[in-house]
Amino acid sequence: MRIFSGIQPTGDKHLGNFIGGFRQYAQTQELGEGYFCIVDLHSITVEHDPRDLHDRTLDLFAMLIATGLDPERSTVFAQSHVTAHAEACWLLSAVTSYGQLGRMTQFKDKADRREFVSAGLFTYPVLMAGDILLYQTHRVPIGEDQRQHLELARDIAERFNARFGKTFVVPEGIYPDVGARIMDLQEPMRKMSTTGGTEQGTVKLLDEPDTIRRKFRSAVTDSGREIRRGDDKPGVSNLIDILAVATGRTPGEIEVAYDGSGYGDLKRDVGDAVVALLEPVRGRYLELRADEPELLRLLALGADKARAASTPTLEAMYERMGFVRLGQP
Ligand code: AQP
């Protein structure tokens, strides 16, 4: 089975990315042949600082290894090192509906928040579809926020297959049982996010332990005193989910364990559990990040493996669409 997922080297990575992304990558690499991509081409769809993109790409690569990916076993690489991704995006744009792209909620949210809306922000889901389809992917571990983009990738694969002959596996998403949508601690009606969240409500993977504890202590809770999940309790539900992920217990077990306790106890314990979860990651990350030549060696290894795996699919796309191919020189 082939597994693919991508993550952007934009902003500071946070607890939502850890639960919907990093943690799932390390788990799913055990299921088969894993491809994990730093989607740097996606990061230029909003205004970016070139120096920042460069450094954050290396930061993210170190973080992917620190959170459990094995670059010798899985293929861990940067999207811009494999030109097939940009080519596949253009070819697939021929079978992508303009109307469907305009209905993507992430596009609408991000476009609403800025004056300059790039064409890349609009076509981003086509690039993402190419990322996934190039590897004949069966499963895509992602958070709930990416569900709509994955549905679009499935539609694109089906449309291409119907029009030009079976070329792609139609991929399925894998979403975390608990924590598929981690919410901002200060505004629990919106997802924890690099660009759309609050500073105090976003727990960053590299925050100091005291900062993490403080952010949880000041988390917004709900009216009432009971520690239970429910639509009327978005803040407490979010804390229960986070504690469940950090301790390996179910949300139901946590509700029982905290019956009669106050919100203060819950917030303290979630903070401590998240510190315990992230502290070893932070240590490993700092060690890996200090050895840049080794990171570059591993990135080159990933790029070679990704090129070899994606070339046959790209060739099939060109041939089936009717392009003249020149064969091997
Ligand atoms: N709040 C979240 N809860 C659960 N999973 C999440 N993911 C992101 N936010 C949450 C998952 O993290 C993976 C990598 O995402 P990304 O960094 O490539 O892009 P994103 O989804 O756009 O993340 P951000 O930080 O929320 O960025 P912006 O600021 O662009 O909105 C994905 O699998 C995603 O589902």
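Worth a mention:
Table: residues versus (1) away from the ligand (no atom under 14 Å from the Cβ); (2) farther than 24 Å from Val245 by Cβ; (3) free of Cβ contacts under 8 Å to residues at least 12 places away in the same chain; (4) not in a helix (DSSP H, G or I).
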position	(1), (2), (3), (4)
Ser5	no, no, no, yes
Arg23	no, no, no, no
Cys37	no, no, no, yes
Glu47	no, yes, no, yes
Arg51	yes, yes, yes, no
Pro71	yes, yes, no, yes
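- Residues in the stretch 150-170 that are under 19 Å from Tyr35 (Cα atoms), among the hydrophobic types (A, V, I, L, M, F, W, C) and within 19 Å of the chain's Cα centre (by Cα) were compared, and the one that is surrounded by the most Cβ atoms within 10 Å (Cβ to Cβ) is Ala153.
- Within the stretch 192-206, not a single residue is among the small types (Gly, Ala, Ser), away from the ligand (no atom under 14 Å from the Cβ), at pLDDT 95 or above and in a loop (DSSP other than H, G, I, E, B).
- Some residue of the stretch 52-61 being modelled with pLDDT of 95 or more, in the same structural domain as Asp304 (by TED's automatic domain parsing) and farther than 20 Å from Leu288 by Cα: no
- Filtered by the rule that a residue be of a type in the set (D, E, K, R) and either touching a helix residue (DSSP H, G or I) at 6+ places or on another chain (Cβ under 7 Å) or in contact (Cβ under 8 Å) with a residue 40 or more places away in the chain (or both), the stretch 289-329 gives Arg289, Glu292, Lys305, Arg307, Arg320, Arg325.
- Residues being over 18 Å from Ala273 (Cβ atoms) and without any contact (Cβ under 8 Å) to a residue 40 or more places away in the chain - total across the stretch 199-238: 13
- Filter result for Leu314 (of a type outside the set (Ser, Thr, Tyr) and crowded, with 17+ Cβ neighbours inside 10 Å): yes
- Test for Phe116: is it touching a residue at least 24 places away in the same chain (Cβ under 8 Å), assigned by TED's automatic domain parsing to the domain that holds Leu31, hydrophobic (A, V, I, L, M, F, W, C) and surrounded by fewer than 16 Cβ atoms within 10 Å (Cβ to Cβ): yes
- Residue among Gly173, Gly179 that alone is of a type outside the set (S, T, N, Q), buried (at least 16 other Cβ atoms within 10 Å of the Cβ) and part of a loop (DSSP other than H, G, I, E, B): Gly179
- Scanning the stretch 32-60 for residues that are closer than 23 Å to Ile182 by Cβ and hydrophobic (A, V, I, L, M, F, W, C) yields a count of 6.
- Checked against (1) buried (at least 19 other Cβ atoms within 10 Å of the Cβ); (2) of a type outside the set (A, V, I, L, M); (3) over 17 Å from the mean Cα position of the chain (by Cα), Gly34 meets all criteria but (3).
- Residue ID - farthest from Ile156 (Cα to Cα), chosen from residues in the stretch 98-113 that are without any contact (Cβ under 8 Å) to a residue 40 or more places away in the chain and more than 21 Å from the chain's Cα centre (by Cα): Asp112
- Set Thr137, Thr123: member being among the β-branched types (Val, Ile, Thr), without any contact (Cβ under 8 Å) to a residue 40 or more places away in the chain and more than 12 Å from the ligand (Cβ to nearest atom): Thr123
The values are calculated or read from the model by the stated rules, or taken from the named source; none is laboratory data. Quick caveat, the model's predicted, so the values are computed rather than measured. Backbone-built Cβ (ideal geometry, glycine too); neighbour counts: all protein chains shown.
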